[in-house]
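Read through the structure below, which is laid out as structure tokens, and then see the notes.
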Amino acid sequence: MYVVGELHGRDNPAAAKLRRMNKEDLSLRIAQIAPLFESVPPKLYGGTERVIAYLIEPLVKAGHEVTLFASGDSRTSARLIPVCPAALRLTACRDPLAHHMILFEKVRRMAHAFDIAHFHTDYLGYSLQRQLDIPNVTTLHGRLDLPDLVPLYEEFHDMSLVSISDAQRAPLPGANWRGTVYHGLPRDLYRFHPERGNYLAFIGRISPEKRADRAIAIAKSCGIPLKIAAKIDTADRDYFHAQIEPLLSHPLVEFVGEIGESEKEKFLGGALGLLFPIDWPEPFGLVMIEAMACGTPVVAYRSGSVPEVLEDGLTGFIVQTHEEAVAAVGKLPSLSRERCRQEFEKRFVAEVMAANYLKVYERLMRGRGSLDGRYYESATRTRGPDERELSEELYERFNTV
């Protein structure tokens, strides 16, 4: 059950809705606006869209009226407003911006039907969002250490933002941050695997910053097999052929390719450990909590969100050099797989993520509606520069989770 205190600002639409919540169903009408590159959830790789799907389900279960703006092949318990027939990455789309302009126009036309709008579309909608008469917030799912973003956020200094780790905020400390909300997964998405496997796992994208080459070097030094489950985007094919493909002939290395959700549990749960040898300021790193959900500890390089997600010596090891990584792999059997699962359930389940987003929505609605008191979960449940290059860059910005 959700409780709302007394309201002021009675001419404000948000205040009027919060008053109605107090008297009637106590539910919010929430718009979730997804990028269109992948379906919600994605059929294969697509961290942002998966997180949106995992956020929606507990919100709907709690009684909120959720509307999802996404590709038409999305699957959701929310009301779906299809913007394009299918995920753009899996079609012959040549201009994704055109479809996103349609997306924002649909949101503009329907905005009066919502109490709050939650955007996951990076900065593309900021001009529209400034014109909306309802509270709105944007979760930034990608990297922010790009010089071009500094003048952008000086102009759009009023945009309400959510970070997915505190580390993600570092390049833009003066932005209008309204909270940090860690990603969460459905509690029963992955089963716990109590037995250690005999191989190391790497999963994600083949790209310079993800450093599959580091993972291969670590496995070779340890003499332990490595399985690589990764997608190769068009923008990274040259890098793959030049830097990674020549390393795949080693007998300890198996390149599995891109895998779907149904295959991920077996892949991660059957591993001795997950290698996360990143070389960039990772905003979150969803695969770390996926591994923890299976009971699999993580060896990760210290960068970005890693120290916030992992507890060194408990759910994995945080390292800074190749030598430290090799030593950490040798210590993986000393970690409790049960404790990895427990930490996942304590910090990274979807219900916790949804409850934290509701707190953000509360703060935004209080700002618009002068809400006294709290809107909270009283039950405290567990709790290009051509077009193609531009399109690929936008795709990468939306899918760096």
Candidate set from the range 163-178 (those that are surrounded by 17 or more Cβ atoms within 10 Å (Cβ to Cβ) and not basic (Lys, Arg)); member that is nearest to the chain's Cα centre (by Cα)
Ile164
Please determine whether any residue of the range 28-39 is surrounded by 22 or more Cβ atoms within 10 Å (Cβ to Cβ), at pLDDT 90 or above and among the charged types (D, E, K, R).
yes
Taking the range 290-320 and the residues there that are among the aliphatic types (A, V, I, L, M) and assigned to a loop (DSSP other than H, G, I, E, B), the one that is surrounded by the most Cβ atoms within 10 Å (Cβ to Cβ) would be Leu310
Within the range 76-99, residues touching a helix residue (DSSP H, G or I) at 6+ places or on another chain (Cβ under 8 Å), among the charged types (D, E, K, R) and surrounded by fewer than 17 Cβ atoms within 10 Å (Cβ to Cβ) come out as Arg94, Asp95
Exactly one condition in (1) assigned to a helix (DSSP H, G or I); (2) surrounded by fewer than 16 Cβ atoms within 10 Å (Cβ to Cβ) is false for Leu268; which is it?
(2)
Filtered residues of the range 195-206 (kept if buried (at least 22 other Cβ atoms within 10 Å of the Cβ) and of a type outside the set (A, V, I, L, M, F, W, C))
Gly204
Looking at the range 271-286, which of its residues are closer than 19 Å to Ser163 by Cβ and in contact with a strand residue (DSSP E or B) (Cβ under 6 Å, 6 or more places away or on another chain)?
Ile278
Does Gly72 qualify as being of a type outside the set (S, T, N, Q), buried (at least 20 other Cβ atoms within 10 Å of the Cβ) and under 23 Å from the mean Cα position of the chain (by Cα)?
no
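Each row is one residue, and each column tells you yes or no for (1) at pLDDT below 95; (2) of a type in the set (Asp, Glu); (3) outside the structural domain of Thr139 (by TED's automatic domain parsing); (4) touching a strand residue (DSSP E or B) at 6+ places or on another chain (Cβ under 7 Å).
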position: Lys210; (1), (2), (3), (4): no, no, yes, yes
position: Ala215; (1), (2), (3), (4): no, no, yes, yes
position: Lys220; (1), (2), (3), (4): no, no, yes, no
position: Ala229; (1), (2), (3), (4): no, no, yes, yes
position: Phe240; (1), (2), (3), (4): no, no, yes, no
position: His250; (1), (2), (3), (4): no, no, yes, no
position: Ile259; (1), (2), (3), (4): yes, no, yes, yes
position: Gly269; (1), (2), (3), (4): no, no, yes, no
In the set Ile102, Ile116, Ile81, which member is at pLDDT 95 or above and either in contact with a Cys (Cβ under 6 Å, 6 or more places away or on another chain) or over 26 Å from Met353 (Cβ atoms) (or both)?
Ile102
List pairs: first in the range 339-362 and closer than 16 Å to Gly285 by Cα, second surrounded by fewer than 21 Cβ atoms within 10 Å (Cβ to Cβ) and of a type in the set (Val, Ile, Thr), Cβ under 8 Å, 6+ apart or cross-chain?
Val349/Thr382
Given the range 321-384, what helices (runs of 4 or more DSSP H) lie entirely inside it while holding 2 or more residues that are at pLDDT 95 or above and within 30 Å of Gln32 (Cα to Cα)?
337-347, 350-369
Tell me, which strands (runs of 3 or more DSSP E) lie completely within the range 190-264 with 3 or more residues that are more than 23 Å from the chain's Cα centre (by Cα)?
253-255
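The values are calculated or read from the model by the stated rules, or taken from the named source; none is laboratory data. Small disclaimer: the values here were computed from a predicted structure and weren't measured. A quick note on method: Cβ atoms are made from the backbone with ideal geometry, for glycine too, and the neighbour counts reach across all protein chains shown.
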